[in-house]
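Okay, structure first, notes after.
The values are calculated or read from the model by the stated rules, or taken from the named source; none is laboratory data. As the structure is a prediction and not an experimental result, all values here were calculated from the model. Please note: Cβ atoms are built from the backbone with ideal geometry, for glycine as well, and neighbour counts cover all protein chains shown.
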Amino acid sequence: MQGWDEKPLHECVAELLVDALSNAKTNVENNASGEQMRAKLIELSTIAQPIQRLIRWLNFGASQMTQSGKRLEEYWDKLKLWILCVTTIGCEVDYNWPDMFDNNFQLYKTEAVDKLFRSVQATFRQRSSMSIESDDALQYWIQRYVQEFCHKQRMLPTDEMEKKMATDFSEHFVSLLSGQHNHFIEPNLFTRTEIALQLMNMICRSTPSPNVMSHEEKTFDECTIKRLSHGVNGRELTSDLAVLLIRAHEQFLHFEHTSILSKSLKRDEALDASSFLEASNALITSIQTETKLEQLIKIARCKFLTFRLSLLLSKTMEYNYRYISNGIQVTHMQSNPPQTALFLTAEQCKDIGSNPAWITILFDGGIV
């Protein structure tokens, strides 16, 4: 047997965490009363974020998922699902809920998710006499489920059967967005937005290198793109589905921008006029040559950059900015003595205003 001193650090930590979560799972299951089980899960939820970060660190450091890593994912997913049921809708815990899945705990199996939701719905509606309260809680449960588990189906498929289930799961969510399926509950705007955001995140997620993504992830993302493309093809840019995807991608870009800015040491955000111009030209080209989904992604980027540009240009109304013949000048008052610099050249101002075609697309199309 290989000793601890011979194993990589990540594998040792994974085995320790597997033991801890296995004990936590057993401890929860062995509580006789539903109230005791609920109390244990709420207690566990208070340390969910550190556990999630540790698992993310383990996945990042491991060259491939070990047996310990797979068991760790299985235990944590099961506990997270219980925590989700308890903390979101506060209903009595039925520890058979996660066992509705197959033995390998396939969170992306459409039939299992449908069956799980039906059970949660029935349990909660028995406790709530108000249908509005019941529907709101169930909508929130769906949103949280999508947040927690929707991304997992892109990482797990290893054989053709699992790949088919993963792509079917993706198609199921695209159908929900399109209004084609309504098995148990009509998704409200917040639920549809969360589904759209997660799907757009998966296909637009930035990576340092294409090699970061596994073949399974790339294959799944290609299937998701194909299904989303099929869903929006033939629809107007102002259709409900198209507008929903645009807004979801805008939200993704804002989150990404905020994250990057928060990690930067710079206090002030620079005005990047070139990105604005490149995005507007790319949109004009996309309208003529690319698929509807690609057009929606570029429209969202233009809207995002327009917001950033307008926000930064609004600063030029302050006292330390001056409009001069060769552009917009800013005076840095914190310097001693105060120093001046060009905030935007006259040529950049001209370029920004000389190509309004993409603005026409947005405003005339009724998208803005």
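Some points to look at:
- Residue that is farthest from Gln348 (Cα to Cα), among those in the stretch 285-314 that are of a type in the set (Ser, Thr, Tyr) and out of contact with any helix residue (DSSP H, G or I) (no Cβ under 8 Å at 6 or more places or on another chain): Thr289
- The number of residues in the stretch 83-101 that are at pLDDT 60 or above and either of a type in the set (Val, Ile, Thr) or touching a Lys or Arg at 6+ places or on another chain (Cβ under 9 Å) (or both) comes to 7.
- Residue in the stretch 285-303 that is of a type in the set (Val, Ile, Thr), over 19 Å from Val232 (Cβ atoms) and either more than 27 Å from the chain's Cα centre (by Cα) or at pLDDT below 80 (or both) present: no
- Residue in the stretch 266-281 that is surrounded by 10 or more Cβ atoms within 10 Å (Cβ to Cβ), under 24 Å from Ala196 (Cβ atoms) and at pLDDT 85 or above present: no
- For the stretch 1-23, a residue qualifies if it is out of contact with any Leu (no Cβ under 6 Å at 6 or more places or on another chain), of a type in the set (Gly, Ala, Ser) and at pLDDT 75 or above, and the qualifying residues are Ala20, Ser22.
- Candidates are the residues of the stretch 169-195 that are part of a helix (DSSP H, G or I), farther than 15 Å from His230 by Cβ and modelled with pLDDT of 75 or more; the one that is farthest from the chain's Cα centre (by Cα) is Leu189.
- For the stretch 229-242, a residue qualifies if it is in a helix (DSSP H, G or I) and surrounded by fewer than 19 Cβ atoms within 10 Å (Cβ to Cβ), and the qualifying residues are Ser229, His230, Asp240.
- Qualifying residues in the stretch 227-256 (those that are in contact (Cβ under 8 Å) with a residue 40 or more places away in the chain and hydroxyl-bearing (Ser, Thr, Tyr)) - the one nearest to Asn201 (Cα to Cα): Ser229
- Residue in the stretch 209-219 that is surrounded by fewer than 18 Cβ atoms within 10 Å (Cβ to Cβ), in a helix (DSSP H, G or I) and either touching a His at 6+ places or on another chain (Cβ under 6 Å) or modelled with pLDDT of 70 or more (or both) present: no
Here is a yes/no grid of residues against (1) at pLDDT 80 or above; (2) surrounded by 11 or more Cβ atoms within 10 Å (Cβ to Cβ); (3) among the β-branched types (Val, Ile, Thr):
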| residue | (1), (2), (3) |
| --- | --- |
| Leu313 | no, yes, no |
| Thr316 | no, yes, yes |
| Arg322 | yes, yes, no |
| Gln329 | yes, yes, no |
| Glu347 | yes, yes, no |
| Asp351 | no, yes, no |
| Trp358 | no, yes, no |
